[in-house]
There are 2 protein chains.
Amino acid sequence: MSFFERHVFICTNERPPDNPKGSCTARGSASVVDAFKRELSERGLNGRLRAQKAGCLDYCRHGVTVVVYPDAIWYGGVTPEDVREIVESHLLEGRPVERLRIPADAPRG
Amino acid sequence: MSFFERHVFICTNERPPDNPKGSCTARGSASVVDAFKRELSERGLNGRLRAQKAGCLDYCRHGVTVVVYPDAIWYGGVTPEDVREIVESHLLEGRPVERLRIPADAPRG
């Protein structure tokens, strides 16, 4: 067994409710983590691919943030309903889901 | 500004004290996170590089686990004393720290 072919990090950072930046957890990132884990598990992909929690990815303003390595493809505003498409198109077939991508020159924070 | 040139994930997973796998947090990974953040901050590298917490990276038996993307270089048994070398040699100069690497065929879990 080698390292993961693709490795997905989902921001699950939490901030106090009154923080103006909000947080990915407040926007529902835990359910995105669950959706990735369920999708990979049901397809028997856990040895090849991994999806997991991460701290703040520093693209807070773009909604629930996900980064896929080693491709270094960033997604914003991801919902559980997007997960199957990311798995099928990107993780398995190597075609990133363009409609969800954060542009490389997007502001951080 | 573009995405990060290199992105470091440090496992900060926690398990109950009686779990036979132990956990990176029990082995001191929080101080490794702090050392990375301090090192990057003091060198003014926060725009180019990022180091942050992650959930379980699934190489628990190798000690505190760190992965650097997009290189996909894995390190095990990392201590705060190793961080400066990783930053200088690998993150800045592109030469991974061989003595700390987890081999690609190493067992997981």
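The values are calculated or read from the model by the stated rules, or taken from the named source; none is laboratory data. Keep in mind that what you see is a predicted model, and the values were worked out from it rather than measured. Positions of Cβ are backbone-derived with ideal geometry, glycine not excepted, and every protein chain shown enters the neighbour counts.
List of remarks:
- Looking only at the stretch B:5-49, and only at residues there that are in contact with a Leu (Cβ under 7 Å, 6 or more places away or on another chain) and part of a loop (DSSP other than H, G, I, E, B), the one that is farthest from B:L91 (Cα to Cα): B:N46
- Among the residues making up the stretch B:69-96, those that are within 14 Å of chain A (Cβ to nearest Cβ) and among the hydrophobic types (A, V, I, L, M, F, W, C) are B:A72, B:I73, B:W74.
- Residues (among the hydrophobic types (A, V, I, L, M, F, W, C), over 12 Å from the mean Cα position of the chain (by Cα) and at pLDDT 95 or above) located in the stretch A:1-17: A:F4
- Filtered residue count, the stretch A:74-109, keeping only those that are more than 24 Å from A:A26 (Cβ to Cβ), of a type in the set (A, V, I, L, M) and outside any helix (DSSP H, G or I): 1
- The stretch A:57-68, residues that are assigned to a loop (DSSP other than H, G, I, E, B), over 9 Å from the mean Cα position of the chain (by Cα), in contact (Cβ under 8 Å) with a residue 40 or more places away in the chain and more than 7 Å from chain B (Cβ to nearest Cβ): A:L57, A:Y59
- Condition broken by A:R15, with the remaining ones in (1) without any contact (Cβ under 8 Å) to a residue 24 or more places away in the chain; (2) charged (D, E, K, R); (3) loosely packed, with under 15 Cβ neighbours inside 10 Å satisfied: (3)
- Residue in the stretch B:92-107 that is under 19 Å from A:K53 (Cα atoms) and touching a residue at least 12 places away in the same chain (Cβ under 8 Å) present: no
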